[in-house]
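Structure first, commentary second.
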Amino acid sequence: MAHKIGVGIVGAGVVSQSIHLPVLARRCDDFAVAAIWDVDPVASALLAERCGAGSSLSFEDLLNDPQVEVLAICSPVRFHADQVVRGMLAGKRAILCEKPLATTVEEARRISEVAKATGVPLLVGAMHVFDPAWIALRDQVDLLAAGAISIRSNIVLPPNARFEQWASELDGRATGPGPSLQPETIRSAVLQVAIHDLPLIRAFLPKGRQIKVIAASLHEPFGYSISVACGECVLDLSAHFYSGWQPRWELEVASAAVAVHIEFPPSFVHAGSSVATSWSGGRATVLGPFEANGYEGEWNAIHTLLRGENADIPPVEDIVGDFQLALDIAEQALTILVREYEQ
């Protein structure tokens with residue numbers, strides 16, 4: 001029997017239940033969930049029992065478990081940097097950390113230093129980066145990157161709790177933020193929602209140019225609009241969570257000669273890849289939907305990497321750069337909103 005790669009899950013919440021465990025179940029010939037640890041030992045034990053895994057008593061126990069070769073870090077973001085670093089220093093073969101990678105640039109740089117020192121591969125759970133249609137679009141990305149003038153990310157979703165409850169056994173979750181939004185909401189909105197597309201967007205932004213947030217606003221019950229300038233390129237980020245059911249998640253990029261439109265499935269939904277359409281030279285090319293999605297792409301990359309083959313994963317410098325872009329946009333947008341709030 002071929003060796004199955006042992007996975008340790010950090011966190012027994014909705015991301016583990018509705019994203020990673022379903023993918024690992026579909027890849028049961030290649031992966032085995034070896035152990036689960038959560039700060040709530042009851043939640044950890046219940047989830048471990050459901051998937052036939054061990055329940056670790058502490059994070060240290062999980063690190064010391066010889067069956068755990070790969071860590072999937074699905075804990076609250078304030079723990080990410082410490083847990084990633086400790087996993088690398090413990091000699092794990094690879095680490096998949098949910099986004100955002102860290103809370104500060106200093107934390108992200110520390111992770112980068114340890115990754116380089118230990119050689120432990122790091123993936124961030126940005127499923128759009130690993131989406132098969134996005135990967136198939138790479139030639140157009142290279143063409144657009146030289147002259148993109150307009151980028152638009154537009155997200156319209158029912159509250160995440162709807163998808164979370166369908167995909168997991170967590171009940172009674174809140175359906176979204178309350179009716180009163182504060183300026184600080186924009187920071188979490190960027191680092192939790194907009195961050196999905198920012199690694200893709202960064203591929204189109206002019207290299208070496210600083211970004212400047214020129215407008216930012218929040219919308220009830222929960223949503224945002226942010227406009228960003230970067231050289232000659234204008235980036236518009238918007239999201240709105242509403243009471244309807246029809247989701248829409250789009251990324252559009254245009255230059256003088258090429259345009260691209262990508263429509264992604266919503267988070268927590270395992271329904272194949274995005275559909276990417278490009279227009280160039282009077283022709284339209286449609287890529288997707290492919291059977292696999294970006295969540296599977298993350299674990300496919302880990303499996304390929306641990307077989308000793310070349311895997312298409314972003315280098316750690318790009319991972320840190322993606323996080324810094326998200327943090328820059330979040331902090332500049334927050335500054336604008338605080339100033340308006342105080343007037």
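The values are calculated or read from the model by the stated rules, or taken from the named source; none is laboratory data. This structure is a prediction, so every number in the text was calculated from the model and none was measured. Every residue, glycine as well, gets a Cβ built from its backbone with ideal geometry; the counts of neighbours run over all protein chains shown.
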Item to check | Hits in region 226-245 - residues which are touching a residue at least 60 places away in the same chain (Cβ under 8 Å) and outside any loop (DSSP other than H, G, I, E, B) | outcome: Ile226, Val228, Cys233, Val234, Leu235, Asp236, Leu237, Ser238, Ala239, His240, Phe241
Next on the checklist: Suppose we filter region 253-303 for residues that are buried (at least 19 other Cβ atoms within 10 Å of the Cβ), touching a strand residue (DSSP E or B) at 6+ places or on another chain (Cβ under 9 Å) and of a type in the set (Asp, Glu); how many remain?
Outcome noted: 1
Next on the checklist: If I filter region 50-60 for residues that are farther than 17 Å from Leu123 by Cβ, of a type in the set (Lys, Arg) and exposed (fewer than 15 other Cβ atoms within 10 Å of the Cβ), do I get at least one hit?
Outcome noted: yes
Checklist entry - Residues Val260, Val286: which one is without any contact (Cβ under 8 Å) to a residue 12 or more places away in the chain, of a type outside the set (Gly, Ala, Ser) and under 15 Å from Trp134 (Cβ atoms)? => result Val286
Checklist outcome for this item: By residue number, the members of region 17-44 that are under 17 Å from Leu63 (Cα atoms) and out of contact with any Phe, Trp or Tyr (no Cβ under 7 Å at 6 or more places or on another chain) are Ala32, Val33, Ala34, Ala35, Ile36, Asp38, Val39, Pro41
Checklist entry - Looking at region 283-294, is at least one residue farther than 20 Å from Gln140 by Cα and among the β-branched types (Val, Ile, Thr)? => result no
Checklist entry - Within region 330-339, is there a residue that is part of a helix (DSSP H, G or I), at pLDDT below 95 and not hydrophobic (A, V, I, L, M, F, W, C)? => result yes
Checklist entry - Can you tell me how many residues in region 128-141 are modelled with pLDDT of 95 or more and either closer than 21 Å to Ser188 by Cα or in contact with a Ser or Thr (Cβ under 6 Å, 6 or more places away or on another chain) (or both)? => result 5
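Take Ser267 and tell me if it is closer than 18 Å to Asp139 by Cα and either in contact with a helix residue (DSSP H, G or I) (Cβ under 8 Å, 6 or more places away or on another chain) or without any contact (Cβ under 8 Å) to a residue 40 or more places away in the chain (or both).
Judged against the criteria, Ser267 is not a match.
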Next on the checklist: Looking at region 113-159 only, could you name the residues that are among the polar types (S, T, N, Q) and surrounded by fewer than 19 Cβ atoms within 10 Å (Cβ to Cβ)?
Outcome noted: Thr118, Ser150, Asn154
Next on the checklist: I want to confirm something. Restricting to region 271-291 and keeping residues that are at pLDDT 90 or above and in a loop (DSSP other than H, G, I, E, B), which single residue is farthest from Leu200 (Cα to Cα)?
Outcome noted: Glu291
Checklist entry - Are there any pairs, at least 6 apart or on different chains, whose C-beta atoms fall under 7 Å, with the first in region 145-161 and modelled with pLDDT of 95 or more and the second aromatic (Phe, Trp, Tyr) and outside any strand (DSSP E or B), and if so, which? => result Ile151/Phe204
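Among Ala174, Ala115, which is farther than 30 Å from Thr277 by Cα, small (Gly, Ala, Ser) and at pLDDT 95 or above?
On the way: Ala174 fails: at pLDDT 95 or above.
It is Ala115.
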Item to check | Count - residues of region 208-225 that are in contact with a helix residue (DSSP H, G or I) (Cβ under 9 Å, 6 or more places away or on another chain), assigned to a loop (DSSP other than H, G, I, E, B) and surrounded by 15 or more Cβ atoms within 10 Å (Cβ to Cβ) | outcome: 0
Next on the checklist: Just the residues that are in contact (Cβ under 8 Å) with a residue 40 or more places away in the chain, among the hydrophobic types (A, V, I, L, M, F, W, C), over 22 Å from Val129 (Cα atoms) and out of contact with any Gly (no Cβ under 7 Å at 6 or more places or on another chain), please, taken from region 187-225.
Outcome noted: Val213, Ala215, Ala216, Leu218
Checklist entry - Within region 80-103, can you find the residues that are within 18 Å of Ile195 (Cβ to Cβ) and touching a residue at least 40 places away in the same chain (Cβ under 8 Å)? => result Leu96, Glu98, Lys99, Pro100, Leu101, Ala102
